[in-house]
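Only the coordinates and a few stated rules stand behind these numbers; no lab work does. Remember, it's a predicted structure, so these values are computed and weren't measured experimentally. Cβ atoms come from the backbone with ideal geometry, glycine included; neighbour counts cover every protein chain shown.
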Amino acid sequence: MAPGEKPEAAPASSETVVSTVDSINCVPAGGRNEKPMADVGSSVPAAAVDSDLEKTIVIPTSNRNSSNNLNSNNGSDGGDGDGADSIESKDELSLSKGQCIALVATVTGASFLNTLASQSVVIILPHIGRDLDIPDTRQQWIVSSYVLAFGCFLLLWGRIADIYGKRLIFILGSIWVTICCVVNPFLPSEIPFDLFRGLHGLGAAANVPTAIGILGTTFPPGKAKNYAFSAYAAGAPLGSVFGNFVSGLIAEWASWKWVFGALAIMAGMISVAGIIFIPVPLTPPVDRGSLRSKTAAVDWIGATLITVGLLALMFALTEGNVVGWTTPWVLVLIVVSFVIIIAFGFWQHYLETKTTRPPLVKVSVFRNWRFTAVMVIMGLFFGSFNNFLIYATYYFQDYQGLSPLQTMLRFIPTGVGGFIIAFIVAHLLHRVPTFFILASGHACVCIAILLYVVPIPPTTSYFAWGLPAMILSVAGADTAWPCLTLFTSRALPQEDQAVGGALINASGMFGRAIALAIATAVQTSTMASARGVNIQNVGPVEPWDEPSLKGLRAASWANFVIALLALILVVLTFRSMEIIGKKPDRPERPDGMMSGDTGDDLERR
């Protein structure tokens, strides 16, 4: 283009560029920034982010050609590209700072309540089992029923939220959680109690990924988004801490049923806050006309396949340590679950490449090796961090014989430290290269786990090693989580933000199930060997018992290996990544090319 020459207007069907954002003003979730999914099968103008997520480039988002489009960067950059539709727009409707804070606090409440609902029940399991006459071997299902339903329905709810509206699904999910928490303590027997725990997980699966989607579509890249995702990251560890705190106090002074009363009150507050503070979309999230056509847009076949596959796999992983891994039906169920999950992948690929129907998940995003690595890192990291919290609880409460209240007091540093670290990280995300933040966080968790592995005498003061371990663990969680979720949000287009939230959470839950199964298997086999019995007769962890201590330390070794694998993958994947939280600021030319780009550069991208 000659100097001074005006660019020609692009025809309606041509590719255009979405401009980079020059401010940190907020865009209401589901507003004019969202692209209707009805256009998935047609050529929709979109922008993408390069390997450092700092440049705007042009790609078409035709459903049939999405695989090639997403990987165009990979072909030119040696696999380093993060090609994906940008979520930026020049059409912004600002929210006040107060509105942004209220919105972030509301959706962070979903993450907080999710971990609180799981962790708070762990401490009161013996009380529930005694009142409902549930044997020790089946008490795990009080927790597992929630975790199974939550993990298996994340992807379905993520896609439904992207179609029907994130605000609507978030509010409905929160109301559903409130109802389940109100009903649960009044159920008199094991089966209905476990059933409603599963229904509780179903509601959490609706509002947790939707919360990430709301943040992703509301905040453009920059400082405001960094603060939002860092605050959301603090929700999970704070939920774990307050779960111990609430259940510890209640177990000490009142009936366990009040734990569910507290959960119901908090869920009700989140529901009301969602109605008040989450902005109503200016336009419908998906322009599909009737309710029937919206329902038809959901990939129900894919939803059934992935839900059944994950349910079978997580059930087998949960029961394997109870009935033994050599039990025939456990092995058969694992094989069947993998077959179903693989079939789901082929079905999604078929929908994306051969039809114009939107798949539940665009499998082409996994051809971006860095995006795939983030999902694996999330599974490994969350699995090791979750195991750290579980085995620290076992150590204090079962091995040292501390009361629930005394155990809770030892977890307080993770809450206080997590709150402080989350906002320190928010200041660093747009200043410090992502690799250093991620690597430091993973190293902190590795060191925290090591403090439970090394042969420190159990009578050593908590302040000498327990306190540093707690602070290091939450430092790792609150640095890794915002980096991984920010990357996922930046790597996916507007219409897939809730699905992105579902993917990152599903990866974490899947990693948690596998990591816990591995650690439990190592623990029980070590204890059985030390006691000279078979695994089926190994028995529980006993206070100040040497075989119990050996089993707990062996499990922590397994956790350390899992955390170390995550750290190694971070080094291999992100060492060339720069600043993920930085606002894109490269000047853009009207014809869709960055300053200094040649036509060949644009064509390669």
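Using a 10 Å cut-off around each Cβ, can you sort R553, R292 from fewest to most neighbouring Cβ atoms?
Values: R553 19, R292 9.
Taking fewest neighbouring Cβ atoms as first place, the list is R292, R553.
Which one of Q139, H127, S271 has its Cα pushed farthest toward the positive end of the charge dipole of segment 97-574, where Lys and Arg give +1 and Asp and Glu give -1 at the Cβ?
S271
Order of D131, D194, D136 from fewest to most other C-beta atoms within 10 Å? Display every interim value, and only then the final one.
Values: D131 15, D194 21, D136 10.
So the ranking, lowest neighbour count to highest, is D136, D131, D194.
Between S576 and I342, 0.36 nm times their residue separation minus their Cα-Cα distance comes to what?
Values: separation 234, 0.36 × 234 = 84.24 nm, distance 3.17 nm.
Fully extending the segment from S576 to I342 adds 81.1 nm.
Neighbouring Cβ atoms within 10 Å as the yardstick, rank E495, E542 fewest first. Walk me through the numbers on the way to the answer.
Details: E495 28, E542 15.
Starting with the residue having the fewest Cβ neighbours, the order is E542, E495.
Within 13 Å, Cβ to Cβ, of L402, how many net charges do the neighbouring residues add up to if Lys/Arg are +1 and Asp/Glu are -1?
-1
Using the per-residue mean of other Cβ atoms lying within 10 Å as a proxy for protection, in what order, highest first, do the peptides 558-570, 377-389, 354-366 fall? Walk me through the intermediate numbers first.
Details: 558-570: 22.3, 377-389: 26.8, 354-366: 19.5.
Put in order of decreasing packing, that is 377-389, 558-570, 354-366.
Please give the direction-averaged projected area of the C-alpha convex hull for segment 97-574, in square nanometres with one decimal.
Reported value for the Cα convex hull: 21.6 nm².
Please report, in debye to the nearest 20, how large the charge dipole of segment 97-574 is about its Cα centre when each Lys and Arg carries +1 at its beta carbon and each Asp and Glu carries -1 there. Mind dumping the intermediate values first?
On the way: 25 positive and 18 negative charges, 271 e Å.
Using only the charged Cβ atoms, the result is roughly 1300 debye.
Using just the Cα positions, wrap segment 393-487 in a convex hull and report its mean projected area in square nanometres, one decimal place.
Values: hull surface 26.0 nm².
Mean projected area for segment 393-487: 6.5 nm², to one decimal.
Extending each Cα 7 Å along its Cβ direction at L409 and V323, get the distance between those two points in nm, one decimal.
4.3
As a quick test, which of the pairs K223/K294; K97/K166; K166/K223 have an alpha carbon distance above 30 angstrom in this structure? Mind dumping the intermediate values first?
On the way: K223/K294 35 Å; K97/K166 21 Å; K166/K223 23 Å.
Long pairs (Cα-Cα over 30 Å): K223/K294.
Along the positive direction of the dipole of segment 97-574 (beta-carbon charges: Lys, Arg +1; Asp, Glu -1; about the Cα centre), which of F574, T108, W256 reaches farthest?
Among F574, T108, W256, the one farthest towards the positive end of the dipole of segment 97-574 is F574.
With each pseudo-label sitting 7 Å past Cα toward Cβ, what's the T353-V454 distance in nm, one decimal?
With each label placed 7 Å out from Cα toward Cβ, I get 5.1 nm.
Quick one: if you stick a label point 7 Å off each Cα along the C-beta vector at L187 and Q536, how many nm between them?
That separation, rounded to one decimal, is 3.0 nm.
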